[in-house]
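Bear in mind that the values in this text are calculations on the coordinates, not laboratory data. Note that the coordinates shown come from a computational prediction; the quantities given were computed from them, not determined experimentally. So basically every Cβ, Gly included, is an ideal-geometry build from the backbone, and we count neighbours across all protein chains shown.
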Amino acid sequence: MTRVATPKLGAYAGLASLGLLAALATRRPELVVLAAPFALFAVLGLLLARRPQLEASVALSADRALEGDELELQVQLRADVGAERVELLLELPRELVVEDGANPVLLRLREGERRELALRVRCTRWGGFRVGRMYLRTSDAFGLFRHETVLDRRVPLKVYPAEESVRSLLRPLETQVFSGNHVARQKGEGIEFADLRPFVPGDRIRRVNWRASARRGELWVNEHHAERNADVVILLDSFAEVRRGDRTTLDPALRAAASLVARYLRQKDRVGFVAFGGFLNWLLPSTGTNQLYRIVDAMLDTQIVLSYAWRDIATVPRRTLPPHALVLALTPLLDERSESALLDLRGRGFDLVVIEISPLSFLPPPEGELAELSHRLWDMQRDAVRGRFARAGIPVAVWGDESSLAAALEEVSTYRRQARALHV
Amino acid sequence: MVYAVAAGDRFPAVVAAVGAGGCTLTALALPGRWPSLLPAGLACVGGCYAVLLGLRGGAVDAAAPAVAAALFVAAELGFWSLERSPARYERVALVRRLLGIGGGAVATGLVGSLVLVAASGASGGVGLEAAGVAAAALTLAAIAFLASRSSV
């Protein structure tokens, strides 16, 4: 612990000396009386000063939480050598807000005493944090010396993005070979009726359609659509963001990504993740709960890194984007590089869907003629980008404050149904 | 300061001027967070009382312990306010600190009364004066020595 003399020590010493000298000069004992408490205080404070020995630790009620969750944070303090006043400041990231309890707090710790301080904190934003750096400042009863130290007892905390409500997921155009919950175009083992065909040796008797067979005078069997899984890749555009206060366009994008990953994994699909931007991060598609945690952990590392380097989709490892995968791109459509990469993906035949995270709610309303004109131009530019996507056959759904993710996904589903009908 | 101005019958304006200077310095030190200015303000307020004693002369002032206690409490509260810690006090710590200041004021009064009784009985002389000078010098030296030994 670092020991520092407070200004009070010098002040009291000075006042005591001044008073005593003035008493001698004026031969007035009253001035001795004035000086005496300061002198006594200074001398007693110096003689009784001790170096406190404190130990502290931090414990969290959970090491993983969702946005909006509240956590209990326990700070345990132990004093081998106590102190009259102990100020404790627990350093918390801005994303963790104290709901109940005092931070910083000033308390008294006797020798050998153990104390537990409880704080209830609310996780306001997703992220990976390390909580537990403590600043301790002690003071003796006379307030003449301060002891300061920093204890680093950090524990990890992961706050995952809250899930958006999603009613129905987008169905991929193509399925894979493994069994899953999607009704495939291919015929095989399944429960969804597909067609009728004449009986051939080797067909199971239970697949014979007796009514059709009776009508046609020969054996006919039912064919079914196979139930397969699909490959889904969540592509997160992290080239640029719009920020307003603590909110950024990355927040809804991550919430949407987390919700979609969880839902697709729940229906046995293989899900991969690509954070495509100044900082490239990817996870190969896989299934299961572990994959969910892997992807969400990878998402927490996602951040907007400013980069002028031109990146195209060729920089993403080929295995990350398997053939016939449904690629769900979450983008604020702010960077030319992501636009180009998405068009490139479509050109390579991927089943691509773009969910535009609208940055409009993050922008202040334009003030003045020039600002309004610039805003309109920017809007037109974005419309032109959407038009380019539409011409390439990429459905784009805008998700903003005034709509839900479920509505955006429904919009895309409708677009794809209509597009298929027109194609047929 | 109020007592010094009210109790004096000679040159009350001088006493008031010294006291007002002290109050001004203190008033500047507290909101401005200048800890070095606060002792100067306290010294001026004490000086105001010293001027009163010098002008009045005569017998020992029986109110000196009360004045000393008031000055001590003012100094403690002044330094406390300069701490400006954002930490929330626990009740026990707050009560103990307030009791400490109150106890210090009472002790000041008691010790002051004893000093006054002892001083009024003493006959003075060169020896006593030399002892006084030595005591002041020793106090200062002891404080300086202890402070240098225990700093950082």
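What the table shows:
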quantity	calculated
Debye intensity ratio in log₁₀ form over the Cα atoms of the range A:215-321, taken at each q of 0.16 Å⁻¹	-0.74
Overall dimensions of the range A:184-228 by Cα: Rg and Dmax, Å	10.7, 34
Built amide H within the under 5 Å cut-off of A:Gly400, gap 5+	A:Ser358
Highest-MSF residue in chain A out of A:Ala25, A:Ala83, A:Ala102 [GNM, Cα springs under 10 Å]	A:Ala25
Cα Rg, Dmax (largest Cα-Cα span) when computed across the range A:23-115, Å	22.1, 74
Amide H within-cut-off set for A:Trp282, under 5 Å, with H built and near neighbours excluded	A:Ala275
GNM top mover of A:Glu241, A:Glu223, A:Glu402 - chain A, alpha-carbon springs below 10 Å	A:Glu402
³J(HN,Hα) computed for each position of the range A:204-209 - Karplus, 6.51 cos²θ - 1.76 cosθ + 1.60, integer Hz, glycine/proline x	7, 5, 5, 8, 5, 8
Förster radius 25 Å - calculated FRET efficiency between A:Arg110 and B:Leu110 (Cβ-Cβ, nearest 0.05)	0.35
Estimated vicinal HN-Hα couplings, Hz - the range B:62-78 in sequence order (Karplus 6.51, -1.76, 1.60; Gly, Pro = x)	6, 7, 4, x, 5, 5, 4, 5, 5, 5, 5, 4, 4, 5, 5, 5, x
Protection proxy ranking, peptides A:194-204, A:341-351, A:320-330, B:87-97, average beta carbon neighbours within 10 Å, highest first	A:320-330, A:341-351, B:87-97, A:194-204
The range A:141-148 - phi-based ³J(HN,Hα) in whole Hz, Karplus 6.51/-1.76/1.60, Gly and Pro as x	4, 8, x, 8, 10, 10, 10, 10
Dimensions in Å of the range A:1-156 - Rg and Dmax from alpha carbons	21.5, 74
Footprinting exposure proxy for B:Cys44, A:Cys123, B:Cys23 (fewest neighbouring C-beta atoms within 10 Å first)	B:Cys23, B:Cys44, A:Cys123
Built amide H within the under 5 Å cut-off of A:Arg133, gap 5+	A:Glu91, A:Arg153
Rg/Rg_ref, the range A:204-255, where Rg_ref = 2.2 N^0.38 Å and atoms are Cα	2.70
Counting all C-alpha pairs of chain A, share separated by more than 36 Å (%)	51 percent
P(r) of the range A:231-423 over all Cα-Cα pairs, binned every 5 Å from zero, in whole percent	1, 7, 16, 20, 22, 17, 9, 4, 2, 1, 0
Residue-count net charge about A:His147 - beta-carbon cut-off 10 Å; Lys, Arg +1, Asp, Glu -1	+3
Chain A - mean residue ellipticity at 222 nm from DSSP helices (-39,500 (n - 2.57) per run, n ≥ 4, rounded to 500)	-10000 deg cm²/dmol
√(5λ) per eigenvalue of the Cα gyration tensor, the range A:92-188, largest first, Å	54, 13, 11
Per-q log10 I(q)/I(0), the range B:2-121, q = 0.22, 0.23 Å⁻¹ (Debye; single scatterer per alpha-carbon; no solvent)	-1.23, -1.27
